[in-house]
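Asker: Quick one: the structure is below, and I'll ask about it shortly.
The values are calculated or read from the model by the stated rules, or taken from the named source; none is laboratory data. These numbers come from a predicted model, not from an experiment. Using ideal geometry, Cβ is built from the backbone for each residue, glycine included, and neighbour counts are taken over all protein chains shown.
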Amino acid sequence: MKRVLMAIENLGLGGMKRAATVVGNAMTAFADVQYYQLADVPSYYELEGRLVPAKHPVMPENGTAPLTRYAVQMADLGDVLITEKIDVLIVNAGILTSFIPYLKTRAPHVQMIAWMHNNIDTYFNQYYREMQPEFVAGVKAADAVVALTESDLAGFQTVTDRAIKIWNPVTMPVVGQADVTSHKIAFTGRIAIQHKGIDIMLAVAQYLPDDWQIVIAGDGTPTDVAEFKRLIHANHAENKVVYRGALHDEALAEHYRQASIFLATSRWEGLPLVLVEAMSFGLPIVSTDNTGAVEILEGGVYGELATKDATAIWHRLEPLLHSTEMRRVLASKSLARAKDFATGPIMAKWQQLIE
């Protein structure tokens, strides 16, 4: 068995962390998997592999000169590769990717895979704009770069000839199916105003008929939650929104089963697995046209896509509110598409990559 180290900035709550642990845990079927985080926080997710403690933990932040700011942590990771006799290193996102050229000098025998969980435009122009040279050098030095969508694959192929596409699997147990006759619209995601388009969603909420509500599952920073509450009031949406906080396991499944539509308003995404989760419960999807949603919905074949504008979204959403039959048709499409994100075929691609 190959010895695999799954390295991530921190193992707190978040889509990237969830995907990394889902894949890492599934990888234990064919590899000896260990986890490593730069931070020192309890893992929000169950780990089916040992968590190697960081010698000098830090909660990293994007910005200039990551190789200088995190030189000690970079050296620590190099030590771990050697002492733990690692064969394959999987680094998640950009700061750790920037470490790869150095790590190659410490452990040239290790296969190093850079896993990109967001879209390339967001990485280059937002998250890693101030460390673009280091990020690009890491991408070029990686033995493989895993992208999530055709759009991002094409983008990374302009930087490296070792980019491939592997979707993230969805593994949430599905028991039961959405009630397409209900008048509830589900939303699942962090309360991150700009990223998740919370402001867009609440602008849509003001258009809803009195007997419809958006039910929101998710949590956020105190600053974002305060702004979220302000926006509810500003949009006169107090009676149109139900905020349930972070939901997990059976409570999250019930959140999906009680709804008849799933609404997603993100301005950018990598491959938003909450869409696939919702689809696996038979929820019709109305989403903004970020690259991740376009990939999952195949350009609108499996759900409704709209520009990142409340009026445009409302034009896609309103007909569904008035037609149970339209919701049933889209529900069938959702169920069919969700099967494409099953764990087995996706993990076969990972196994092929590391072996």
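Asker: Sort out which residues of the range 127-142 are part of a helix (DSSP H, G or I), within 16 Å of Glu61 (Cβ to Cβ) and in contact (Cβ under 8 Å) with a residue 12 or more places away in the chain, and write them in order of number.
Answerer: Tyr127, Glu130, Met131, Glu134, Phe135
Asker: What tally of residues in the range 54-94 results from selecting those that are over 22 Å from Trp350 (Cα atoms) and part of a helix (DSSP H, G or I)?
Answerer: 16
Asker: Output the residues belonging to the range 45-59 that are surrounded by fewer than 15 Cβ atoms within 10 Å (Cβ to Cβ) and touching a strand residue (DSSP E or B) at 6+ places or on another chain (Cβ under 6 Å).
Answerer: Arg50, Leu51
Asker: A further question on this structure: Just need a number here: residues in the range 129-142 that are under 23 Å from Gln351 (Cα atoms) and crowded, with 17+ Cβ neighbours inside 10 Å.
Answerer: The total comes to 4.
Asker: Of the numbered conditions (1) at positive phi; (2) in a strand (DSSP E or B), Gly282 fails exactly one; give the number of that condition.
Answerer: Result: Gly282 passes all but (2).
Asker: When residues of the range 11-44 are filtered for being surrounded by fewer than 19 Cβ atoms within 10 Å (Cβ to Cβ), in a loop (DSSP other than H, G, I, E, B) and either of a type outside the set (A, V, I, L, M) or at pLDDT 95 or above (or both), how many remain?
Answerer: Selection size over the range 11-44: 11.
Asker: I would also like to ask the following. Can you pull out the residues in the range 109-126 that are under 20 Å from Lys165 (Cβ atoms) and either assigned to a helix (DSSP H, G or I) or free of Cβ contacts under 8 Å to residues at least 12 places away in the same chain (or both)?
Answerer: We begin by selecting, within the range 109-126, every residue under 20 Å from Lys165 (Cβ atoms); these are 111-124.
Those that are under 20 Å from Lys165 (Cβ atoms) and either assigned to a helix (DSSP H, G or I) or free of Cβ contacts under 8 Å to residues at least 12 places away in the same chain (or both): Ile120, Asp121, Thr122, Tyr123, Phe124.
Asker: Scanning the range 144-161 for residues that are charged (D, E, K, R) and in contact with a helix residue (DSSP H, G or I) (Cβ under 9 Å, 6 or more places away or on another chain), which turns out surrounded by the most Cβ atoms within 10 Å (Cβ to Cβ)?
Answerer: Once the filter is applied, the top-ranked residue is Asp152.
Asker: Hey, another quick one. Going through the range 1-44 one residue at a time, which ones are touching a helix residue (DSSP H, G or I) at 6+ places or on another chain (Cβ under 8 Å), among the aliphatic types (A, V, I, L, M) and over 20 Å from Pro272 (Cα atoms)?
Answerer: If the condition is that a residue be touching a helix residue (DSSP H, G or I) at 6+ places or on another chain (Cβ under 8 Å), among the aliphatic types (A, V, I, L, M) and over 20 Å from Pro272 (Cα atoms), then Val4, Leu5, Met6, Ala7, Met27, Ala29, Ala31, Val33, Leu38 are the ones that fit.
Asker: Then there's this: Please verify whether Thr97 is under 25 Å from the mean Cα position of the chain (by Cα) and in a helix (DSSP H, G or I), treating the condition exactly as stated.
Answerer: yes
Asker: Just to check your reading of the model, which residue among Lys308, Lys229, Lys196 is of a type in the set (D, E, K, R), within 24 Å of Trp115 (Cβ to Cβ) and either in a strand (DSSP E or B) or modelled with pLDDT of 95 or more (or both)? Spell out the reasoning first.
Answerer: Values: Lys308 fails: within 24 Å of Trp115 (Cβ to Cβ); Lys229 fails: within 24 Å of Trp115 (Cβ to Cβ).
Only one candidate qualifies: Lys196.
Asker: A further question on this structure: Condition test on Glu48, is it closer than 15 Å to Thr171 by Cβ and outside any helix (DSSP H, G or I)?
Answerer: Judged against the criteria, Glu48 is a match.
Asker: Pick out the one residue from Glu304, Glu295, Glu277 that is touching a residue at least 60 places away in the same chain (Cβ under 8 Å), within 23 Å of Glu325 (Cα to Cα) and in contact with a Ser or Thr (Cβ under 9 Å, 6 or more places away or on another chain).
Answerer: Glu277
Asker: Right, next: Inside the range 294-305, can you point out the residues that are in a helix (DSSP H, G or I) and touching a helix residue (DSSP H, G or I) at 6+ places or on another chain (Cβ under 6 Å)? Reasoning before the result, please.
Answerer: Keep residues of the range 294-305 that are in a helix (DSSP H, G or I), which gives 294-296, 298-300.
Ile296, the sole residue that qualifies.
Asker: Would you mind stating whether Ala251 is outside any loop (DSSP other than H, G, I, E, B), of a type in the set (Gly, Ala, Ser) and either under 23 Å from the mean Cα position of the chain (by Cα) or surrounded by 20 or more Cβ atoms within 10 Å (Cβ to Cβ) (or both)?
Answerer: When the stated conditions are applied, Ala251 passes them.
Asker: Can Pro173 be described as under 30 Å from His109 (Cβ atoms), at pLDDT below 95 and touching a helix residue (DSSP H, G or I) at 6+ places or on another chain (Cβ under 9 Å)?
Answerer: No.
Asker: Any idea which of (1) part of a helix (DSSP H, G or I); (2) of a type outside the set (Phe, Trp, Tyr); (3) surrounded by 18 or more Cβ atoms within 10 Å (Cβ to Cβ) is the one Lys339 doesn't satisfy?
Answerer: Here Lys339 meets the rest and fails (3).
Asker: Okay, next question. Which one of these does Ile185 not meet: (1) surrounded by fewer than 20 Cβ atoms within 10 Å (Cβ to Cβ); (2) under 26 Å from Leu321 (Cβ atoms); (3) at pLDDT 95 or above; (4) β-branched (Val, Ile, Thr)?
Answerer: Ile185 satisfies every listed condition except (1).
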